[in-house]
Amino acid sequence: MMKRFVIGVFLLIGISAVAQHQKILYGFNKIPQTLLLNPGGEIDYKYHIGVPALSGVNTNVNVSGLTVADLFRDDNIDFTTKLIGVVDNLGDNDYAAINTQIEILNAGYRLNDKTYISGGFYTEIDAFFSIPKDLLLLARDGNSAYLNRSFLISKINVKADALTVLHAGVSRKINEKMTVGARLKIYSGLLNLTSTGNQGSFRTRLGANSVYEHILSNLDASVQSSGFYNTDNEFDVDGNSIRSNAFLGSNMGLGLDIGFTYHANEQTEFTASILDFGYIGYKDKLRNATIQGDYVFSGIEFQYENNQVNPDYWQDLNDDLDEAIDEEENKDEYSVMRPIKLNASVKHSFGKSRREENCTDMMYNDYFDNAVGAQLHSTFRPIGPRFALTGFYERRLAKKINTKVTYTIDDFSYANFGLGISADIWKINVYGLVDNVFKLSDIADASTASVQFGLNVVFD
Amino acid sequence: MRKILYCLFLSLLFMSCVKDIDFDQIDDLTLTPSFSAALVNATLSQDDLVLNGIELPLPIEQTSYFSVFDNSTVRDDLTRVVFNFEVFNQFDREFIIGLEFLDEAFVPTYITSLNVSANDMNFTQEEDILIANYPTFVNSRNIRVTVTLLPSDDGSIIDVNEPATFRFESGGTFYFTVD
């Protein structure tokens, strides 16, 4: 069972090692979906309609500290040796993050020269869990090798949501320099599992009055879940229940995206956006648990005074534990903040095909062929903000064909090169974005990789 | 049709971009964790050994239940146990500590004893049990510790006016092989 679970996790990583957090898409204004990353982006279409379920398919799985190939490469190295090495090489803050979005519907319409409205509906799975090296060492080696070492419960962080998002936004050109935008999101939560903010430690040491002493200090941990258990606390992920919550169901929340584009001059622009500033309130199929307390165990103390009758030591130990460690379960409603994302960029465009307007020259282009810039992205996770810095070069091959090359440094890679292309073919916008291109031939050895594609019907 | 093409695309992507990966290797995983735990302690003073001027009829014993071996994984994967005993004896008398591991029917699964010399304040002893040699040890559900105070050479008894302590401590390290 455990082996199948481990294989499943790594298969998911392998399959999913296709997607980054949309760094290529950000600022790629020829793709309407860029408005989901910056509501203040500048779209020049008259209107667009995403091909249902194909306008935006994006899966994002990143794992720091290890890859599928580290463990499962067929290299005649003993698997146990590889696992030991992988765990030893983990850092204190390694983690895995999974985000999958599938657009069901996406459309936009230009109200006038200044205003573009857009909206849609998409499904999302977002999961984050830290990889607790401490606890993996404890499971792998036991505590004998780690006397006096504190194993921290705070290293356990899990936050996972499955949800749908109904959204509507507006991009408004204030003046020639500034465009602002906002998007309202209505979240419908399907499943949630949250365990964050945990505290406490476990330590074994040589005892002063015993051979060993086991110390559980300041334990304060909790887990909250929605959608997994029925009223009898039996595991029950029910398709009907998930469907009933998929659209304005029991678990509702609100979120806001805001953003802007500012042109310092004809060639230089600054953008920024804040995404998913919001929450979901969970009310359906809840099961929560908390555990708190301190306990020190140095062994069972046999009482030989006056040759008394044998007490029930084991029951006394259990009673002691129950008294010292407070465990509770409840079905209280709770709210979870969505992972807020920040984006910011600077872009400098240059190199027109022709420098001067010439009334007789049909080859004159009123756009710049090239642009370079940098982007900063941050997602707020339970362990703090995670950053990615991207440098990019954009090249407009023709009026309707745009390309973008990126280089990104983040928690997962120092050599992540991405490539994107968007083409308007008649009334169809087709785009493809590929990240970590040099690892595409061996995805199993990638901590991150990305393929995103989509089809939109667009009108100029 | 779209769904079929979509799945085919993803499958091709995955299959064509993955080199030399073998998930069956996980069947070769073997971990050998070891866990150390405090077990049983006891403290005896002179007042515990003498009542109304008469040394208590010994041996005296105490027994405790423990459920560690209720877990099938623990039973199946345990390969070795090393017990550590430490005794601090301030009495000018010899003791014998008897340790018995008993199953649910209180039938012994493993027996050992400690011969503690008079005034030995740094007594240690280690017991190394290979489960392969003592397979019934994993049926243990109770531990009994018996204390026997050996008679003095000159027939004297413990003086209750002279404070002294006999302290017994035990711990174990449990070795597992997990496949």
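No lab work stands behind these numbers, since they all come straight from the coordinates. Note that the structure is a prediction, hence the values are computed from the model and not measured. Using ideal geometry, Cβ is built from the backbone for each residue, glycine included, and neighbour counts are taken over all protein chains shown.
One table, with the values for the structure above:
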{"quantity": "Calculated from backbone phi, Karplus (6.51, -1.76, 1.60) coupling profile of the stretch A:101-114 in Hz, x at Gly/Pro", "calculated": "10, 10, 6, 8, 8, 8, 8, x, 8, 8, 6, 7, 4, 9"}
{"quantity": "Nearest 10 degrees, 0 to 90: helix B:2-16 Cα axis against chain B principal axis", "calculated": "60 degrees"}
{"quantity": "Other-chain or far-sequence residues with amide H under 5 Å of residue A:381's (modelled H)", "calculated": "A:386"}
{"quantity": "Global form of the stretch A:214-264, assessed from the alpha-carbon gyration tensor, a/c cut-off 1.5", "calculated": "oblate"}
{"quantity": "Residue with peak Gaussian network fluctuation, chain B [Cα springs, cutoff 10 Å], from B:107, B:147, B:87", "calculated": "B:107"}
{"quantity": "Three-way shape call for the stretch A:145-281 based on the alpha-carbon gyration tensor, with the a/c threshold at 1.5", "calculated": "oblate"}
{"quantity": "In order through the stretch B:168-177: 3J(HN,Hα) via Karplus (6.51 cos²θ - 1.76 cosθ + 1.60), integer Hz, x for Gly, Pro", "calculated": "10, 9, 9, x, x, 10, 10, 9, 10, 10"}
{"quantity": "Loop-resident sites, the stretch A:192-276, for GluC sites (Glu not before Pro), counting at most 15 other Cβ within 10 Å (DSSP)", "calculated": "A:234, A:266"}
{"quantity": "Whole-Hz ³J(HN,Hα) from phi, Karplus 6.51 cos²θ - 1.76 cosθ + 1.60, for the stretch B:121-134, glycine and proline x", "calculated": "9, 9, 6, 9, 8, 10, 10, 10, 10, 8, 4, 4, 8, 10"}
{"quantity": "For A:441-447, mean number of other protein chain Cβ atoms within 10 Å", "calculated": "4"}
{"quantity": "Shielding by partners, peptide A:77-89 (average Cβ within 10 angstrom, other chains)", "calculated": "2"}
{"quantity": "Rounded to the nearest 20 debye, dipole of chain A from Cβ charges on Lys, Arg, Asp, Glu", "calculated": "2720 debye"}
{"quantity": "Long-range amide H partners of residue A:56 with built H, under 5 Å", "calculated": "A:103, A:455"}
{"quantity": "Size of charge dipole - the stretch B:54-150 - debye, nearest 20, with Cβ of Lys, Arg +1 and Asp, Glu -1, no other charges", "calculated": "140 debye"}
{"quantity": "Dipole of the stretch A:23-128, positive end: most advanced residue of A:47, A:24, A:98 [Cβ charges, Cα centre]", "calculated": "A:47"}
{"quantity": "Listed residues B:119, A:129, A:246: farthest to the positive end of the dipole of the protein assembly as shown (Cβ charges)", "calculated": "A:246"}
{"quantity": "Cut-off 15 Å between beta-carbons: net charge of the residues surrounding residue A:379, Lys and Arg +1, Asp and Glu -1", "calculated": "-1"}
{"quantity": "Partner chain coverage, peptide B:163-176 - average Cβ within 10 angstrom", "calculated": "3"}
{"quantity": "11 Å beta-carbon shell around residue B:40, net charge (K/R +1, D/E -1)", "calculated": "-1"}
{"quantity": "Nonlocal amide H pairs with residue A:245, under 5 Å, H built at 1.01 Å", "calculated": "none"}
{"quantity": "Global geometry of the stretch A:163-233, whether rounded, prolate or oblate, following the gyration tensor of its Cα atoms and the 1.5 cut on a/c", "calculated": "oblate"}
{"quantity": "Proximal lysines relative to residue A:46, as straight alpha-carbon distance under 18 Å, when same-chain residues fewer than 8 apart are discounted", "calculated": "A:30, A:114, A:173, A:399, A:400, A:427"}
{"quantity": "Acute angle (nearest 10 degrees) that the helix A:313-324 long axis makes with the longest principal axis of chain A, alpha-carbon atoms", "calculated": "40 degrees"}
{"quantity": "Degrees between helix A:79-89 axis and first principal axis of chain A (Cα, 0 to 90, nearest 10)", "calculated": "80 degrees"}
